[in-house]
Amino acid sequence: MDIAEYNLKSLDNAPKFNDWMFSRVLPHLYGDILEIGSGVGTYSRRLEETFGKEHVVLSDINPRIPGCLRLDLGSAESWKEFTETLLKERGMKQFDCCIALNVMEHVDPKFDHVLLSSLRERLRDKGRLVFLVPAHECLFNIIDNKVGHYRRYVKNEWIRAMAEEGFTAKHISYFNVLAIPGWYVRGNVFGRPKVGEISAGIFNVLTPMLKFVENNILCNRIGISLIGVFEK
């Protein structure tokens, strides 16, 4: 099992944390939804329970859960095959929303235009992209390297890049500020790329406190991740 898969499965065992993250993007979702990077199904299950399986399409470059369609984000040919399969199996052509949580950083920047133009074609009028990405270039470390991240994002640069692809930023906020010290110490100081089940369990227990601090004291003004909602 590679490090990315190991970390995914560890964090899947932190339901309070995952519920919190999902609660931050849920208000921006509606209608028919495409999930990009479904992984081990951490948020797929929540999407299907909330909106119904008939309104959710799952996709991943390496499908690991039932019903998940294969999709290589940087390949125009893969997008074509995905669209044909989707139309044949689900009778769907476009979506109201596309959600990608901790996915975009895995895409080589040279494929950004292919990816975003493909998504634009598959969104209905006023459709939304709902993304969560890692923030702050200064935090890029061995963990990012080992799990296949090409980058961490800077808020204003991200908004500008999305505008160049025809998307308007409707909501931008930070998420999970108190993870920054742990991320820095684990990755920059000790050089440990794995997030084990014990660490995930501790984070899960601390989630109610983290949520209170972030929502009521820091008001989502800083965090280890950025949440962006962009409209076509």
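The figures follow:
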read-out: A135 long-range amide H proximity, modeled H, under 5 Å; value: Y153, S225, L226
read-out: Long-range HN-HN contacts of D32 with modeled amide H, under 5 Å; value: D96, C97
read-out: Over the range 3-231, relative contact order from alpha-carbon pairs under 8 Å, at least 6 apart, %; value: 24
read-out: Amide H within-cut-off set for G127, under 5 Å, with H built and near neighbours excluded; value: K232
read-out: Charge tally in the Cβ shell below 12 Å around V114, where Lys, Arg are +1 and Asp, Glu are -1, V114 excluded; value: -3
read-out: Where Cα atoms sit under 15 Å apart: lysine pairs in the chain separated by 8 or more or lying on different chains; value: 9
read-out: Relative packing of 96-106, 76-86, which averages over residues the other C-beta atoms within 10 Å, highest first; value: 96-106, 76-86
read-out: Least to most buried among L115, L73, L139 (fewest other Cβ within 10 Å first); value: L139, L115, L73
read-out: Per-residue ³J(HN,Hα) for the range 38-46, Karplus 6.51 cos²θ - 1.76 cosθ + 1.60, θ = phi - 60°, Hz, x for Gly and Pro; value: 5, x, 8, x, 3, 9, 4, 4, 5
read-out: Given charges at Cβ of Lys, Arg, Asp, Glu: the chain dipole, positive-most of L87, G166, N216; value: N216
read-out: Most to least packed among 124-134, 202-212 [average Cβ atoms within 10 Å]; value: 124-134, 202-212
read-out: Per-residue HN-Hα couplings for the range 65-70 [Karplus 6.51, -1.76, 1.60; θ = phi - 60°; Hz; x = Gly/Pro]; value: 10, x, x, 7, 8, 7
read-out: The range 155-172 - phi-based ³J(HN,Hα) in whole Hz, Karplus 6.51/-1.76/1.60, Gly and Pro as x; value: 3, 5, 5, 5, 4, 5, 5, 5, 5, 5, 9, x, 10, 9, 6, 9, 7, 9
read-out: Label of the coordinate-derived value, semi-axes √(5λ) of the Cα gyration tensor in Å, listed as (1) 27, 19, 18; (2) 56, 17, 13; (3) 30, 24, 20; value: (1)
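Where a number appears in this text, it was derived from the coordinates with a stated rule and is not lab data. None of these values were measured; they are calculated from a predicted model. All Cβ positions, even for glycine, are placed from backbone atoms using ideal geometry, and neighbour counts span all protein chains on display.
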